[in-house]
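Trainee: Okay, here's the structure, questions in a sec.
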Amino acid sequence: VQLQASGGGLVQAGASLRLSCAASGRTFSSFGWFRQAPGKEREFVAAANWRTSIRNYADSVKGRFTISRDNAKSTMYLQMDSLKLEDTAVYYCAAGKYYYSGTYYDAKNYDYWGQGTQVTVSS
């Protein structure tokens, strides 16, 4: 099983960026995005049930970020709009064998992880 994240970069505050995560090796029930800023712990960003329309977001990104997937391409996306300085972090995609409706934000519920892609938002 492999997850390959891409799409990070350096953008100005207010700009948009779309992260991609190509999955191979098996099917998943859940997928998500986490991020880790320098000196901080990894935090939940967004999650989704691969088989339904259920989507979950951290309060800090709700209304600005959108998680989606393309089944045909086995790829998940994170559309990030209205980026803020505090969105600067390494972003990780993750996939899980199961979707946990109550604890989708817990990194322990994801079985596979991508390598991370850097997002830097400047003023």
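Trainee: Of all DSSP beta bridges located in the range 1-120, what percent are antiparallel, nearest 5?
Mentor: 95
Trainee: Can you compute 3J(HN,Hα) from phi for each residue in the range 106-113, using the Karplus curve 6.51 cos²θ - 1.76 cosθ + 1.60 with θ = phi - 60°, rounded to whole Hz and x for Gly and Pro?
Mentor: Taking θ as phi minus 60°, the curve returns 8, 4, 5, 8, 10, 9, 10, 10 Hz for the range 106-113.
Trainee: With the dipole of the range 76-119 worked out from charges on the C-beta (+1 for Lys and Arg, -1 for Asp and Glu) around the Cα centre, which of Tyr110, Met80, Tyr91 lies farthest toward the positive end?
Mentor: With unit charges placed on the Cβ atoms, the residue in question is Tyr110.
Trainee: Kindly provide log₁₀ I(q)/I(0) values, in the same order as q = 0.18 Å⁻¹, from the Debye equation applied to equal alpha-carbon scatterers of the chain.
Mentor: Taken in order of the listed q values, log10 I(q)/I(0) reads -0.87.
Trainee: Give a residue-ordered list of calculated ³J(HN,Hα) values for the range 42-54 (Karplus: 6.51 cos²θ - 1.76 cosθ + 1.60, θ = phi - 60°; whole Hz; x for Gly, Pro).
Mentor: In residue order, the calculated couplings are 5, 10, 5, 10, 7, 8, 8, 7, 4, 9, 10, 9, 5 Hz.
Trainee: Next up: Under unit Cβ charges (Lys, Arg +1; Asp, Glu -1), what dipole magnitude, rounded to 20 debye, does the chain have relative to its Cα centre?
Mentor: 280
Trainee: While we're looking at this one, here's another question. From the Cα gyration tensor of the range 32-99, with a ≥ b ≥ c the square roots of its eigenvalues, which class applies: rounded if a/c is under 1.5, or else prolate if a/b is larger than b/c, or else oblate?
Mentor: It is prolate, given that a/c is not under 1.5 and a/b is the larger ratio.
Every number in this text was worked out from the coordinates using simple rules, so none of it is lab data. Quick caveat, the model's predicted, so the values are computed rather than measured. Using ideal geometry, Cβ is built from the backbone for each residue, glycine included, and neighbour counts are taken over all protein chains shown.
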